[in-house]
Amino acid sequence: MAEVLIIPKGEARKYVYEAITPQIEALISDESDLIANLANITAVLKEAFQFFWVGFYIAKEGELVLGPFQGPIACTRIKPGKGVCGTAYSQKQTIIVPDVDQFPGHIACSSDSKSEIVIPVFNAKGEVAMILDVDSDKLSDFTQEDALGLQKILAVLEKKL
């Protein structure tokens with residue numbers, strides 16, 4: 001188990017993702033409990049990037065239910081097709097929102113959230129098992145570089161589902 005997280009300071013996000021991905025893999029490799037692994041992944045992402053909010057919504061009985069997260073309190077349940085998370089869940093694709101106020105039907109869990117990236121996590125059957133939701137308190141904070149970095153981290157998680 002990792003006791004120290006090594007995060008390169010002052011580096012572009014691409015390099016931070018490259019540094020933390022193998023550390024996340026090592027952190028979750030010997031742990032079989034999904035909730036423990038999700039909690040550690042959110043903690044690493046929050047610490048590495050100081051994002052406003054990082055968390056998982058787990059697919060349960062046809063809706064998304066709040067899982068482990070780091071940040072202010074959040075919406076507990078999200079229906080498919082509702083908000084950014086529900087849309088990513090329904091469409092089975094990553095969504096980057098530069099300005100959440102411009103996203104039709106955005107669910108405002110916090111008025112401090114300005115931009116968002118949401119990435120589906122797939123199980124072995126190819127079904128969306130959960131959603132990773134990352135919010136920033138800055139406009140246009142996420143790019144394709146974030147999508148690729150986060151997808152690589154989630155690929156590590158998907159191997160365990």
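The values are calculated or read from the model by the stated rules, or taken from the named source; none is laboratory data. Please read these numbers as outputs of a predicted model, since none were measured by experiment. With ideal geometry, Cβ positions are generated from the backbone for all residues, glycine too; neighbour counts draw on all protein chains shown. Note: accessible area is taken over every heavy atom of the protein model, side chains too, but ligands, DNA and RNA are not part of it. Shrake-Rupley method; radii C 1.70, N 1.55, O 1.52, S 1.80 Å.
Quick notes on this structure:
- Condition check for GLY83: at positive phi and surrounded by fewer than 18 Cβ atoms within 10 Å (Cβ to Cβ): no
- Residue that is most open to solvent (accessible area, probe 1.4 Å) [pool: residues in the stretch 104-136 that are of a type in the set (A, V, I, L, M, F, W, C) and in a loop (DSSP other than H, G, I, E, B)]: ALA124
- Among residues of the stretch 52-67 being under 12 Å from ASP135 (Cα atoms) and among the aromatic types (Phe, Trp, Tyr), the one that is surrounded by the most Cβ atoms within 10 Å (Cβ to Cβ) is PHE56.
- Taken over the stretch 1-34, the criterion of being open to solvent by 90 Å² or more (accessible area, probe 1.4 Å) and either under 17 Å from GLN151 (Cα atoms) or β-branched (Val, Ile, Thr) (or both) is satisfied by VAL4, ILE6, LYS14, TYR15, GLU18.
- Test: ASP112 is within 11 Å of the chain's Cα centre (by Cα) and among the acidic types (Asp, Glu): no
- Subset of the stretch 140-158 that is over 12 Å from the mean Cα position of the chain (by Cα) and charged (D, E, K, R) - its residue that is most open to solvent (accessible area, probe 1.4 Å): GLU145
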